[in-house]
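The values are calculated or read from the model by the stated rules, or taken from the named source; none is laboratory data. For clarity, every value in this text was computed on a predicted model and none was experimentally measured. Using ideal geometry, Cβ is built from the backbone for each residue, glycine included, and neighbour counts are taken over all protein chains shown. All accessible areas refer to the heavy atoms of the entire protein, side chains included, with ligands and DNA or RNA removed. Shrake-Rupley method; radii C 1.70, N 1.55, O 1.52, S 1.80 Å.
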Amino acid sequence: MTLLTFRFAPSPNGALHLGHAYSALLNQKLARTTGGRLLLRIEDIDTARCTPELEAGIFQDLEWLGMEWETPVRRQSEHFADYAALLDRLVGEELVYPAFMSRGEIRAFIADSGKAADWPHDPDGAALYPGADKALPVRERKRRIAEGAPFSWRLDMEAAARAGQRLCWMEFTDETLTSVREVEARPQDWGDVVIARRDVPTSYHLAVVADDAVQGVSHVVRGLDLYHATGVQRLLQELLGLPAPRHFHHRLILGPDGRKLSKSFSDTGLSALREAGATPDDVRRMVGLEL
């Protein structure tokens, strides 16, 4: 029988906080109760913000919590060639296009369109990309790229929708993973989302589906803030012929102002809690996990 495989995948661009602790401990709990595997993955494609010092802090915090995982640890920064190969497939199938508009140009385009008040936004609240670049002739695209113009590879959502079909994913209803429901994937809500950048041949969406497939992840247990992003990832899995794990998007640990914790909340950082005398059992109680 194939073992269930879970993963905890932090980014070393800041210190871990209580929200990370809950996600990590929940994944460990589920792996243990199901007799499955727990993997640790370092998602460090943001080479400007991710540092070895912050990565070392992650390991220190997780070891203090009593976390155990299989080795070796996968680091995304060591697998850019793998992501580039998948990107090349999408480029070859004309499912992505080079997008040259800067943030300022996007804002100006929307303002000049006369439709700013009704312009669609993605689930995170950002305005959808206008997609004017899709009309550029191939020769013009190649000229701009050859001259070093900055660009991102964006998914042509219309072309991708034609290549795919009605998609869904299986979502567990609570952290016991005892029942699932089918959720319709709505990647179109994100518009022409960024799939890779010129200097880094991937994005979070592309890297995460590639890694989950390579590592045999069967169950993705992560925060509710990534619920809607699953639609884009489900589409990429379909386009690239990758397996679709089951998901559970757990509750978020909120800060004192009622908002989702971020890495700027020093008072809920694990290192700060440890220095203040908290124990791993204290952390488990704080996030509402049974000891």
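Observations on the structure shown:
- Top-ranked residue in the range 83-98 [being assigned to a helix (DSSP H, G or I) and in contact with a Ser or Thr (Cβ under 9 Å, 6 or more places away or on another chain); ranked as surrounded by the fewest Cβ atoms within 10 Å (Cβ to Cβ)]: 84
- Any hit, the range 199-211, residues being without any contact (Cβ under 8 Å) to a residue 40 or more places away in the chain and closer than 21 Å to residue 73 by Cα: yes
- Single residue of the range 99-121 satisfying the filter (of a type in the set (A, V, I, L, M, F, W, C) and assigned to a helix (DSSP H, G or I)) that is most open to solvent (accessible area, probe 1.4 Å): 117
- Of the residues making up the range 5-45, those that are in a loop (DSSP other than H, G, I, E, B) and touching a residue at least 40 places away in the same chain (Cβ under 8 Å) number 11.
- Residues that are in a helix (DSSP H, G or I), surrounded by 18 or more Cβ atoms within 10 Å (Cβ to Cβ) and either touching a Leu at 6+ places or on another chain (Cβ under 7 Å) or small (Gly, Ala, Ser) (or both) within the range 213-237 comprise 231, 234, 235, 236, listed in sequence order.
- Residues in the range 46-68 that are among the β-branched types (Val, Ile, Thr) and either open to solvent by less than 30 Å² (accessible area, probe 1.4 Å) or not in a loop (DSSP other than H, G, I, E, B) (or both): 58 alone.
- Scanning the range 122-135 for residues that are free of Cβ contacts under 8 Å to residues at least 24 places away in the same chain and either assigned to a helix (DSSP H, G or I) or surrounded by 11 or more Cβ atoms within 10 Å (Cβ to Cβ) (or both) gives 126, 127, 135.
- Annotation note: of 51, 71, the sole residue that is polar (S, T, N, Q), under 19 Å from the mean Cα position of the chain (by Cα) and farther than 17 Å from residue 209 by Cβ is 51.
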